[in-house]
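These notes concern the structure reproduced below.
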Amino acid sequence: MSVSRRAFTIGLGTVGLGAVPLLQGKAPAANASTPESKAVAPPAPKFFDEHELATVAAMAEIILPATDTPGAREAHVAEYLDLILSDSPELMRTAFLEGLWWTDGYCRRATGTSFKDLPGQEQLRILSELDDSSDESVSTGRLFVQSMKAWTARIYYSTEIGEKELNKEGRVPASYVRPCESGSG
């Protein structure tokens, strides 16, 4: 099943994020290398363990993959989500982890391996299967995938990489353009 970036993230407006804080900073530029720059290891996760962070990074990359522009991995979506959740209310953190654990467990039962260790096409199949399912027995996974899509898009398009993607080739999103109001006198 081939799903485009736009098709997979469609419907984000209907998925509530609750009180998701906007990112204050910008993600580091992907592959920014100058003669003076040195590779810097990413900081240790504050909320996720290493397996969870790798799983979230893999899911985010399936949702917004690198194409002719950088994807979620280059925009550090998983690392930003780790920071956001580390400062979020306990209820939000618990709900996210339960969904993540359920989805990874579903993947292990269906394929015999964890989500992060699957090839990309299998990862896409699992996420699409859960996202498209009306089976109540997988509602936890469906809700988690929808939430993960919303988190990924919100974070990605709040980074420098995402802003450049939105304004690629000089286009400006219609939501940023407000018509001039003409007033009388």
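Computed values, structure above
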{"item": "The range 46-70, subset in contact (Cβ under 8 Å) with a residue 60 or more places away in the chain and small (Gly, Ala, Ser), residue farthest from residue 144 (Cα to Cα)", "result": "54"}
{"item": "Residue match in the range 161-181 (condition: surrounded by fewer than 21 Cβ atoms within 10 Å (Cβ to Cβ), at pLDDT below 80, among the acidic types (Asp, Glu) and not in a helix (DSSP H, G or I))", "result": "yes"}
{"item": "Complete set of residues in the range 69-100 that are among the small types (Gly, Ala, Ser) and surrounded by fewer than 20 Cβ atoms within 10 Å (Cβ to Cβ)", "result": "86, 88, 95, 99"}
{"item": "Unique match (being part of a helix (DSSP H, G or I) and modelled with pLDDT under 95) among 23, 83", "result": "83"}
{"item": "Of all residues making up the range 53-68, the number that are assigned to a loop (DSSP other than H, G, I, E, B) and either surrounded by fewer than 21 Cβ atoms within 10 Å (Cβ to Cβ) or on the phi > 0 side of the Ramachandran plot (or both)", "result": "4"}
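The values are calculated or read from the model by the stated rules, or taken from the named source; none is laboratory data. Being a predicted model, the structure only gives us computed values, none of them experimental. So basically every Cβ, Gly included, is an ideal-geometry build from the backbone, and we count neighbours across all protein chains shown.
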